[in-house]
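Beneath this line is the structure, given in structure tokens, with notes to follow.
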Amino acid sequence: MTDTQYDRAPGDASALSDVEEGTSSGVLVYTIGLFLAVILTGISFWVANTSLFWAGGISLGLTVLAIAQMGVHLVFFLHVTTGPDNTNNVMALAFGVLIVALVVVGSLLIMADLNDNMMPAAELMNLQMQH
Amino acid sequence: MNIIVAVGDEFHHEPGPSPSEAGPATKRIVVGYGFWIFLLSDIVMFATIFAAYAVLRYATAGGPSGVELFNQYSAALETGCLLASSYTCGLMSLAISSRQYAVTYLAALITFLLGASFLALEAHEFAGMIAVGAGPQRSAFLSAFFMLVGCHGLHVAAGLIWLAVMMAQVAIKGFRPIVERRLLCFSLFWHALDIVWVWLFTVVYLMGVVA
């Protein structure tokens, strides 16, 4: 493959329609992706049900497994690469991930903080009685 | 320096100008990138619903919690259906790029059937929950649950309609560049839905059972 000047459309396995390369390598890529995804899904379900691990760490472990599987999907199914023809796709994806992380982590942090600072119901009742 | 010039459906390598002089990208790249941006905005929308669910997870208002309601067996089946349909969708894009009509139809049919079984399983699960009085109006937790899982289910349903329309277009119009671009967008959509489902089964079904 020579240096292509155009970007690659997201989801395209290569910038050129490789007729000569054949579909067998494409099938292999999807099959590897399916294989890895099945393994990661299996581990996720096993981790959630086993009593082998410390219960407090399971949520974190499941999150890591989900991130790994998201990576497998992006690489093997959506063909996101680190190549220069993919820079635009990766930058857009990185921005999306940033916003998603801000929304989810920010909401969880703020709501947990509010819950912590919330006065217990009994104390609130006391306060009202004094007036 | 080489530039790729698209002539009809074939690509030729020709000596060309520098990147800055190469001119606008091909329509396939522009369309694909635009749809990529849409998908990311769709995922940001899912993120807000995920955040709502994560915040309201324990707000059961005395009603049933996830541990009592969720069936891991059905969640695993749904995951299998969606993952396999993502795989056959990938095989369909390969068949499209090598212009194989029969393989395209077959892969699309399997993708459709797997997606439809996913929806049927989910509808069965929803009906079962509503039957035991755990509908979306029962608690904030259940509202968030039905919103999140239902929104993903709606996307899958829209994808199934889209797939059927695309197969009609392939049958009538053949593999024209415009049909191929739409099929590219469809496969992006379908794979993105699978990524959303990965988070969904992790956060809702697995973490829900752990907690």
Looking across segment B:155-188 at residues that are among the aromatic types (F, W, Y) and surrounded by fewer than 22 Cβ atoms within 10 Å (Cβ to Cβ), the single one that is farthest from the other protein chains (Cβ to nearest Cβ) is B:W162
Give segment B:63-97 a look and list any residue that's within 10 Å of chain A (Cβ to nearest Cβ), farther than 24 Å from A:V80 by Cβ and crowded, with 21+ Cβ neighbours inside 10 Å, or say none. B:A75
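Quick check, is B:W199 aromatic (F, W, Y) and without any contact (Cβ under 8 Å) to a residue 60 or more places away in the chain?
Answer is no for this residue.
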Looking for whichever is within 30 Å of B:V30 (Cβ to Cβ), in contact with a helix residue (DSSP H, G or I) (Cβ under 8 Å, 6 or more places away or on another chain) and either part of a helix (DSSP H, G or I) or not basic (K, R) (or both) here; the options are B:L206, B:L183. Which one fits? B:L183
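Can you tell me which of B:I29, B:I49, B:I43 is of a type in the set (V, I, T), crowded, with 17+ Cβ neighbours inside 10 Å and farther than 22 Å from A:M70 by Cα? Steps first, please.
Details: B:I49 fails: farther than 22 Å from A:M70 by Cα; B:I43 fails: farther than 22 Å from A:M70 by Cα.
One residue alone meets the criteria, B:I29.
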Scanning segment A:59-69 for residues that are touching a helix residue (DSSP H, G or I) at 6+ places or on another chain (Cβ under 6 Å) and surrounded by fewer than 19 Cβ atoms within 10 Å (Cβ to Cβ) gives A:S59, A:G61, A:A68
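So which of A:V97, A:V75, A:V80 is over 22 Å from B:L91 (Cβ atoms), among the β-branched types (V, I, T) and surrounded by 15 or more Cβ atoms within 10 Å (Cβ to Cβ)? Write out each step before concluding.
Values: A:V75 fails: over 22 Å from B:L91 (Cβ atoms); A:V80 fails: over 22 Å from B:L91 (Cβ atoms).
After applying the criteria, what remains is A:V97.
Any read-out appearing in this document is the output of simple, stated calculations on the displayed coordinates, not a laboratory observation. On a predicted model such as this, the values are computed, not experimentally measured, just so you know. Here Cβ is always computed from backbone atoms with ideal geometry, including for glycine, and neighbour counts include all displayed protein chains.
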